[in-house]
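S.K.: The structure's right below; bear with me while I get my questions together.
The values are calculated or read from the model by the stated rules, or taken from the named source; none is laboratory data. Just so we're clear, the structure is a prediction, and the values are computed from it rather than from any experiment. Glycine also receives a Cβ, built like all others from the backbone with ideal geometry; neighbour counts cover every protein chain displayed. These area figures cover heavy atoms from the full protein model, side chains too; ligands, DNA and RNA do not enter into them. Shrake-Rupley method; radii C 1.70, N 1.55, O 1.52, S 1.80 Å.
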Amino acid sequence: MATSSHCLLWFFFSLFFGHGFVPLEASHQVYTHLQNGSPSALTSDQPYRTGYHFQPPSHWMNGICYPNAPMIYKGIYHFFYQYNPLGAVWGNIVWAHSTSTDLVNWTPHKYAISPSQPADINGCWSGSATILPNGKPVILYTGIDPENNQVQNMAVPKDLSDPFLEEWTKLPQNPLMESTSYNCIDASSFRDPTTAWQGTDGRWRVIIGSKVNRNGIAILYRSKDFVHWTKAEQPLHSGKKTGMWECPDFFPVSTTSATGVDTSSIGKNLKYVLKVSLDETKHDYYTIGSYNYEKDTYVPDKGSVDSDSGLRYDYGKFYASKTFFDSAKNRRILWGWINESSSVEHDIEKGWSGVQAIPRNVWLDKSRKQLVQWPVAEIEKLRSNPGHLSSRGLKEGSKVEVGGLTASQADVEISFKISDFEEAEVFEESWRDPQLLCSEKDASVKGGLGPFGLMVLASEGLEEYTAVFFRIFKRRTKYVVLMCSDQSRSSLDEDNDKTTYGAFLNVDPVDEELSLRTLIDHSIVESFGGGGKACITARVYPTLATEDEARLFVFNKGTGSVGVTTVSAWSMKSAKIN
Ligand SMILES: *[C@@H]1O[C@H](CO)[C@@H](O)[C@H](O)[C@H]1NC(C)=O
């Protein structure tokens, strides 16, 4: 009975949102011909490996490296990721596992989950951890079954007294959730269970990413015992014409403080965040809204746009991210995967692919309209050997070096103060797409107020540099701040994706200084504008500006002068990244 009404609802749902069913396919391309079948050592010339951004061990090649099931257990941080032990391209996916006490230095462990049951014999894909009220962690993950269907499975620690949780046991009941003809879910678009949360009725909820035609949906399941799951008649939420929703993440944020809250928290001073990873564009976007505990539905706030043109965690390379609640420090931490911008052939040549962004603390901005992100404080213990630049005015054409540090592995914080807005150009209302605007007005294009900012991983003669900068435009009585990361001159090697990225930054430059923090790590340029209101991460592969040859400059190419109030820059010590 219940099943046929499910199907009817789903049928209406798909009628409402789409036109007829199209066969769906999994999104991952398999490069079987490019896998050499055995792990091999990396070549010694590795200018692009990171010093403090998490990477798999150097003697192994990795494939796409989504963060999985981050959590804290008995004071130890656990991190799992999708790993290909056999090649630098996607395939043969297992769950690799590392632990840390500080989110900076990591120790690898044996693979936590790899194909063994019929329910995951063709792959162990992404999933999430939930800490049950008795403190016991459980993992829900997507398995690929013998028919190549995506199903949801569960694994539990074998020995809870082991803080490293080395051994995981799969439930004999797996799969716990599967697509069947009567529940109208397409078996090739049914993946990535979230951390589960408990509703007011004590039952558990979890969402699974999916799509109906081209509409993304967050399918909701409920359970009393975490083992038997029933699909709800309505999804938690859906989005029109977004394509598949991968790696959904759903969590509460406090409206009164930057403190993180547990996923199962219920209360007054909370807003909710739904993040989805868009398979079609490889971007993570999110909305902020309300969660109706009775109806089990999520509704984004007015103005919180449900599409790729809405809010993004990061306006550069950052995908398949996931948060967890750190109960030891009462904060919510975001992990995201940073893809390469080089060709698959290059990845195979260098023997690895994919790194993780620095874990970010995430909280609700005072405006309640967006999130704010900031690298976890622990990373600051790697700072050493500070570089120096005194506060000064930057006239048109200024370019000043920040010396005395290792500019290929650094952390830079800079603030700009604008006192004269006379030179600001008028903002044109047709400029809707910040990325497009940044590529039309890249760092070489002179402006009024801006471009001003940093040139990182720059070669001595500026044959190569990556520019992270601002432009300020006048719009009626207010100002618009554009933040850009321009990779167009990042490398003399033409074989890389050098897309320029951009974001509008919600800061009023009349009232506030414009701050920029950039984490530089050989092939990563991870930038936080306005104290973390807009983040842009880029991958670059300089040929000249590597290791000790890399330089760091502050520049202004606009006709209007800007003041630099503070510059703090440090070399970053290498972390034990695995
Ligand atoms: C990774 O980056 C490459 C190069 O820019 C791009 O072609 C590819 O689509 C990206 N893949 C994912 C999964 O983001």
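S.K.: Could you tell me which of the pairs K399/K573; K136/K158; K224/K271; K170/K322; K241/K275; K240/K302 are separated by over 20 angstrom between their Cα atoms in the structure shown?
M.R.: Result: K399/K573; K224/K271; K170/K322 exceed 20 Å.
S.K.: Report ³J(HN,Hα) in whole Hz for each residue of the stretch 108-113, in order, from the Karplus equation J = 6.51 cos²θ - 1.76 cosθ + 1.60 where θ = phi - 60°; Gly and Pro get x.
M.R.: Each residue's phi maps through the Karplus curve to give x, 10, 5, 4, 7, 9 Hz.
S.K.: Oh, and also: Where the accessible area of the chain is counted over protein heavy atoms with a 1.4 Å probe, how much of it, in %, is carbon and sulfur?
M.R.: Answer for the chain is 52 percent, counting heavy atoms of protein chains only.
S.K.: Return P(r) of the stretch 383-572 (all Cα-Cα pairs; 10 Å bins starting at 0; whole %; ordered from short to long distances).
M.R.: Reading upward from the zero bin: 10, 41, 37, 11, 1.
S.K.: Can I ask one more? Given only helices, namely DSSP H runs of n ≥ 4 each adding -39500 (n - 2.57), what is the per-residue ellipticity at 222 nm of the chain, to the nearest 500 deg cm²/dmol?
M.R.: -1500 deg cm²/dmol
S.K.: For the pair T565/K240, report the inter-label distance in nm, with labels modelled 7 Å from Cα in the Cβ direction.
M.R.: 4.4 nm
S.K.: Using a 1.4 angstrom probe, figure out how much accessible area the chain has per residue, in square angstrom, rounded to the nearest whole.
M.R.: 38 Å²
S.K.: May I ask you to compute the full-extension gain from E413 to R476, defined as 0.36 nm times their residue separation minus their alpha-carbon distance, rounded to one decimal in nm?
M.R.: 19.6 nm is the gain from fully extending E413 to R476.
S.K.: Tell me which aspartates and glutamates have Cα within less than 20 Å of K74's Cα, excluding those fewer than 8 residues away on the same chain?
M.R.: By straight Cα distance, K74 reaches D102, D159, D162, E166, E167, D262, D326, E378.
S.K.: Measure up K317/K498; K317/K576; K329/K381; K395/K557 against 19 Å on the Cα-Cα distance and list the ones that go over.
M.R.: Table pairs above 19 Å Cα-Cα are K317/K576.
S.K.: Using a Förster radius of 35 Å, what is the FRET efficiency between N385 and T281 based on their Cβ-Cβ separation? Nearest 0.05, please.
M.R.: After rounding, the FRET efficiency stands at 0.35.
S.K.: Between T107 and K268, what is the label-point separation in nm under the 7 Å Cα-to-beta-carbon projection?
M.R.: 4.6 nm
S.K.: Right, here's the next one. For q = 0.06, 0.11, 0.12 Å⁻¹, what log10 I(q)/I(0) does the chain give under the Debye formula with an equal point scatterer on each alpha carbon and no solvent?
M.R.: For the chain, the Cα-only Debye profile gives -0.30, -1.01, -1.20.
S.K.: Can you tell me the length gained on complete extension of the stretch E401 to S488, counting 0.36 nm per residue apart and subtracting the Cα distance?
M.R.: 29.2 nm
S.K.: How far apart, in nanometres, would the label points at L462 and D511 be if each is projected 7 angstrom from Cα along the Cα-to-Cβ direction?
M.R.: Going by the 7 Å Cα→Cβ label model, 3.5 nm.
S.K.: Tally Lys/Arg at +1 and Asp/Glu at -1 over every other residue whose Cβ is under 12 Å from the Cβ of V376; what's the total?
M.R.: Computed value for this residue: +1.
S.K.: For Cα pairs less than 8 Å apart in space and 6+ apart in sequence, what is the mean separation divided by the residue count of the stretch 383-572, i.e. the relative contact order in percent?
M.R.: 41 percent
S.K.: Next question. What number, in percent, do you get for the relative contact order of the chain if the mean sequence gap of Cα pairs under 8 Å and at least 6 apart is divided by its residue count?
M.R.: Relative contact order for the chain comes out at 14 percent.
S.K.: Could you list the GluC sites (Glu not before Pro) in the stretch 484-578 that lie in coil according to DSSP, counting only those with at most 15 other Cβ atoms within 10 Å of their Cβ?
M.R.: For GluC sites (Glu not before Pro) across the stretch 484-578 that sit outside H, G, I, E and B with at most 15 neighbouring Cβ atoms in 10 Å, the list reads E494, E512.
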